């Protein structure tokens, strides 16, 4: 929706426009701010502008109006004295014109009070003389209060009932938060939720009624009316559970859709399922965008990290909206980018979640060592983590961990009241199966998932703990030195966790010819998402030079240095009965990547012995497959021994 507030100087266009912007959440622009310098100079000298002076200014405004309309709308305050001017500004079909009119004495009095404006009161006469009364739009008398006039305008907006630019299906926590984010950014938004008698009744309409201070938010309980309300091409964001629910919803929507319409899946669907849906919908002429959304409820409401893949043409249509609601990186650029074709958006969200698993687990292991190995209080541990953050290890997960260690209820640490059974929703398992399918080592993040699975067996763990007399044993030695070892070990594990995730992205991207841009993926993960961190900001530059973190030469020296810290901490922790699955797996992963003479020759010998799977000799320049008759050689060896 574009709303243009017109009137001569002193009529209150800016006041009305600003107040209207606050209530509708549409951005406000003052046409005077777009005048070229020559026009401003003339008006400052009390010289009226000619039509020739105004034409470039009006045309520039018309272009801006088209841009604003594409991104959800705007409020513009503009004198627009003549009908010819208004016709130029009518650059889009859906405009609400608001004309402010008042008696000359009121206008003159207001202009006398106005300070620091280049328009002198003397130009008022020329404006009144030039004013051509329109016979359309909303006419308001400036004798009324700004609040009452704005209420009239908002009611007119409701009656005008523009088609919504985007629709959201699914009013769970994430769907509601994204809807409010869009409404607050001035995007006309329609929401729909299924209607189930006795279970889910009037969810969408009730949500819209509760948030009626957003006039561009509309709720629907009927799917047909919801889709009918959307402008074409229709853009519908699905925020419903992954799996069969997505397919059922697509099936329900298809009768209402036409070629060129756009469906976006913003849930955590498995990327291979999303690729199949992409192909299926493409065969029907429907654009499909599988889009990862990270940041949780707060991120969805205030600015998430968005990872859309699928149809590139549809992404271009959605980008003006997505950039308005996304988080912003340190340079003010929206944390959204076109990831790649088919299910690429859901693929990198899946990898994001598995890195998240690893980050959470290594922090949990670190806190465990600090509290029970070094016998530090929760407050002392929080202070250490905050020091690490200040020293360059900042991350969202580390920050909230420090918060958790400080928050009490009834003078007791809430953390110690939480049952140690970790939940999960399946994206970690998908990452593991994908890594296996694409022959990619994934042990650190596999162990993060395994740790959650083991934690779920609380009853058995309690029983076995007693049977094995398990207890943590405190560390001896210099705590300052131990802290230094632990900090460096923590740094290295985080690097390896990220390397593991991005290596999987590299393997899948190469195999499927997706051409993923890892630097850009890291950039959109620097804000809005759960794994945002200083390390992620560093990766933006690193991936511009190298697709692998551990091959990045400036990091090689640090990794060499911290490797011994990690090995020491793992040995110390395991010998004192601490489970350190991600720390241990990370070091094994690193050693497995950098070792030249591995133990795999024994594996190949065993495979050839029992299964004739062949092997390659390291002294054969041609690298041909060989097979040894091990039993024959064994028999010869035994005969030789017997002869001796």
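The values are calculated or read from the model by the stated rules, or taken from the named source; none is laboratory data. Just so it is clear, the model here is predicted, and its values are computed rather than measured. Here Cβ is always computed from backbone atoms with ideal geometry, including for glycine, and neighbour counts include all displayed protein chains.
Name every residue in the stretch 522-546 that is closer than 21 Å to residue 589 by Cβ and part of a helix (DSSP H, G or I), in order of residue number.
522, 535, 536, 538, 539, 542, 543
How many residues are on the phi > 0 side of the Ramachandran plot, surrounded by fewer than 24 Cβ atoms within 10 Å (Cβ to Cβ) and either at pLDDT 95 or above or assigned by TED's automatic domain parsing to the domain that holds residue 529 (or both) when one looks only at the stretch 270-325? Before the answer, list the steps.
Initial filter on the stretch 270-325 (on the phi > 0 side of the Ramachandran plot): 285, 295-296, 303, 310.
Still in the list and also surrounded by fewer than 24 Cβ atoms within 10 Å (Cβ to Cβ): 285, 296, 303.
Next cut, either at pLDDT 95 or above or assigned by TED's automatic domain parsing to the domain that holds residue 529 (or both) only: 285, 303.
Total meeting the criteria: 2.
If we only count helices (runs of 4 or more DSSP H) wholly inside the stretch 1-114, which ones have 3 or more residues that are under 36 Å from the mean Cα position of the chain (by Cα), farther than 20 Å from residue 152 by Cβ and not assigned by TED's automatic domain parsing to the domain that holds residue 179? Quick ask: steps written out before the conclusion?
Working: elements: 13-24, 37-44, 51-70, 83-89, 104-113.
Of the helices (runs of 4 or more DSSP H) lying wholly inside the stretch 1-114, those with at least 3 residues that are under 36 Å from the mean Cα position of the chain (by Cα), farther than 20 Å from residue 152 by Cβ and not assigned by TED's automatic domain parsing to the domain that holds residue 179 span 51-70.
For residue 425, work out the one condition from (1) out of contact with any helix residue (DSSP H, G or I) (no Cβ under 6 Å at 6 or more places or on another chain); (2) more than 21 Å from residue 565 (Cβ to Cβ); (3) at pLDDT 95 or above it doesn't fulfil.
Looking at each condition in turn, residue 425 falls short on (3).
Please enumerate the residues belonging to the stretch 153-183 that are part of a helix (DSSP H, G or I) and at pLDDT 90 or above. Break it down into steps so the answer makes sense when it comes.
Initially, the stretch 153-183 is screened for residues part of a helix (DSSP H, G or I), giving 153-160, 173-183.
Passing the criteria: 173, 174, 175, 176, 177, 178, 179, 180, 181, 182, 183.
Could you count how many residues in the stretch 536-547 are surrounded by 12 or more Cβ atoms within 10 Å (Cβ to Cβ), out of contact with any helix residue (DSSP H, G or I) (no Cβ under 7 Å at 6 or more places or on another chain) and under 19 Å from residue 510 (Cβ atoms)? Talk me through it step by step, then tell me what you get.
The initial filter retains those residues of the stretch 536-547 that are surrounded by 12 or more Cβ atoms within 10 Å (Cβ to Cβ), namely 536-544, 546-547.
Cutting the leftovers down to out of contact with any helix residue (DSSP H, G or I) (no Cβ under 7 Å at 6 or more places or on another chain) gives us 537-538, 541-542, 546.
Cutting the leftovers down to under 19 Å from residue 510 (Cβ atoms) gives us 542, 546.
Total satisfying the criteria: 2.
Please verify whether residue 504 is touching a helix residue (DSSP H, G or I) at 6+ places or on another chain (Cβ under 8 Å), modelled with pLDDT of 95 or more, assigned to a helix (DSSP H, G or I) and buried (at least 22 other Cβ atoms within 10 Å of the Cβ), treating the condition exactly as stated. Outline the logic, then answer.
Details: touching a helix residue (DSSP H, G or I) at 6+ places or on another chain (Cβ under 8 Å): yes; modelled with pLDDT of 95 or more: yes; assigned to a helix (DSSP H, G or I): yes; buried (at least 22 other Cβ atoms within 10 Å of the Cβ): yes.
The answer is yes for residue 504.
Answer yes or no as to whether residue 411 is in the same structural domain as residue 588 (by TED's automatic domain parsing), over 30 Å from residue 593 (Cβ atoms) and in contact with a strand residue (DSSP E or B) (Cβ under 9 Å, 6 or more places away or on another chain). Full working, then the answer.
Values: in the same structural domain as residue 588 (by TED's automatic domain parsing): yes; over 30 Å from residue 593 (Cβ atoms): yes; in contact with a strand residue (DSSP E or B) (Cβ under 9 Å, 6 or more places away or on another chain): no.
No, not satisfied.
I'd like the full set of residues that are closer than 22 Å to residue 471 by Cβ and either in a loop (DSSP other than H, G, I, E, B) or not assigned by TED's automatic domain parsing to the domain that holds residue 449 (or both), limited to the stretch 570-600.
576, 577, 578, 579, 580
Any residue at all in the stretch 448-469 that is in contact with a strand residue (DSSP E or B) (Cβ under 8 Å, 6 or more places away or on another chain), under 22 Å from residue 371 (Cβ atoms) and either in the same structural domain as residue 586 (by TED's automatic domain parsing) or touching a residue at least 60 places away in the same chain (Cβ under 8 Å) (or both)? If you could, list the steps in order and put the result at the bottom.
Narrowing the stretch 448-469 to residues in contact with a strand residue (DSSP E or B) (Cβ under 8 Å, 6 or more places away or on another chain): none.
Taking every residue of the stretch 448-469 in turn, none turns out to be in contact with a strand residue (DSSP E or B) (Cβ under 8 Å, 6 or more places away or on another chain), under 22 Å from residue 371 (Cβ atoms) and either in the same structural domain as residue 586 (by TED's automatic domain parsing) or touching a residue at least 60 places away in the same chain (Cβ under 8 Å) (or both).
Could you list all residues from the stretch 184-195 that are in contact (Cβ under 8 Å) with a residue 60 or more places away in the chain and either surrounded by 23 or more Cβ atoms within 10 Å (Cβ to Cβ) or assigned to a loop (DSSP other than H, G, I, E, B) (or both)?
Of the stretch 184-195, the ones in contact (Cβ under 8 Å) with a residue 60 or more places away in the chain are 184-188.
Hits for the stretch 184-195 are 185, 186, 187, 188.
For the stretch 603-644, what are the residues that are assigned to a loop (DSSP other than H, G, I, E, B), in contact with a helix residue (DSSP H, G or I) (Cβ under 9 Å, 6 or more places away or on another chain) and surrounded by fewer than 10 Cβ atoms within 10 Å (Cβ to Cβ)?
618
Only one of (1) closer than 25 Å to residue 150 by Cα; (2) part of a loop (DSSP other than H, G, I, E, B); (3) out of contact with any helix residue (DSSP H, G or I) (no Cβ under 8 Å at 6 or more places or on another chain) is not met by residue 205, so which one is it?
The one condition residue 205 does not meet is (2).
Those residues that are surrounded by fewer than 20 Cβ atoms within 10 Å (Cβ to Cβ) and in contact with a strand residue (DSSP E or B) (Cβ under 6 Å, 6 or more places away or on another chain), I need them from the stretch 40-79; list them, please.
The answer is 69, and nothing else.
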